[in-house]
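Chemist: I'd like to ask some things about the structure below.
The values are calculated or read from the model by the stated rules, or taken from the named source; none is laboratory data. Note that the structure is predicted; figures quoted are calculated from it, not measured. Note that each Cβ is placed from the backbone with ideal geometry, even for glycine, and that neighbours are counted across all protein chains shown.
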Amino acid sequence: MRLNILNCCPVKIKLLFVFGLIAMVCSAQKGKLLKGQVLADVKDVQGINVVNLALRKEVATDHKGLFSITAKPGDTLLFSAVQLKSRKIVIEKEDFDYLPYLVKMEVNVTQLKEVVIQQSNISAESLGLVQKGTKTYTPAERKLRTAGDFKPIHLLAILGGSMPFDPIINKINGKTDRLKKEIVVEKHQMVQVKLGNMFDEDFLTKELNVKQEYLDGFIVYVSENPKVKQALKEKNKTLVTFLLGELAVEYNKMVADAK
């Protein structure tokens, strides 16, 4: 009887060894829980996808960027989000030693080649924000409307109690006149901006022969011309170009005479 037991022992030992080896292999294939955290220069790090491509398991980060996923050495983890650049990382054995496992991701910045803004029919009227035909005011014009543009006939309204005293006070202290001057300056500046958008420096210096150091003065000079203002208002670039050619000759002569 003792001989049979002894004879069976080596077989049992072998079976136990095989079962233990299988268990180790299965355990190794299953992997361990890897706890990590995604770091990125964005306000919201929640919902970043973390995928184990080998085990086909997927989790998402919480509001702190923390995640837990089953993995083993050699597995590849894919980190992806709309606002971040995707990143693939091969897990090493040492990555389980220091937790949380930190993953740095970069912000996904899209570089636009060129943006061309074409004329659009979208306006406050088309959106229904204001009634059709409603006059729009510039910032300086709105200031004048608030202060009130007093005229002598308004005295009757003041005597009748239907008009506030602010307009007449602003007229007396000179605020109304200052605001009117601001409107003139503002309109000139708007014309200058339109000219700058319509013509570049090369055109002004090479085609119109205006020297570089006199460009700013030339723009101010033409912005005060009524014909140029009207042509810009009508969006007639051909006429504006023709007028600039004439004014450039006059301006260059003025500069030459001033020397």
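For every residue, the table says whether it meets (1) surrounded by 13 or more Cβ atoms within 10 Å (Cβ to Cβ); (2) more than 17 Å from Leu204 (Cβ to Cβ); (3) not assigned by TED's automatic domain parsing to the domain that holds Asp200.
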| position | (1), (2), (3) |
| --- | --- |
| Asn225 | yes, no, no |
| Val228 | yes, no, no |
| Lys233 | no, yes, no |
| Asn236 | yes, yes, no |
| Thr241 | yes, no, no |
| Leu244 | yes, no, no |
| Leu247 | yes, no, no |
| Lys253 | no, no, no |
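Chemist: Mind counting the residues in the range 63-86 that are without any contact (Cβ under 8 Å) to a residue 24 or more places away in the chain and surrounded by 15 or more Cβ atoms within 10 Å (Cβ to Cβ)?
Modeler: Of the residues in the range 63-86, 0 are without any contact (Cβ under 8 Å) to a residue 24 or more places away in the chain and surrounded by 15 or more Cβ atoms within 10 Å (Cβ to Cβ).
Chemist: Name the residues in the range 69-99 that are closer than 21 Å to Asp41 by Cα and either in contact with a Pro (Cβ under 9 Å, 6 or more places away or on another chain) or at pLDDT 90 or above (or both), would you?
Modeler: Scanning the range 69-99 gives Leu77, Leu78, Phe79, Ser80, Ala81, Leu84, Lys85, Ser86, Arg87, Lys88, Ile89.
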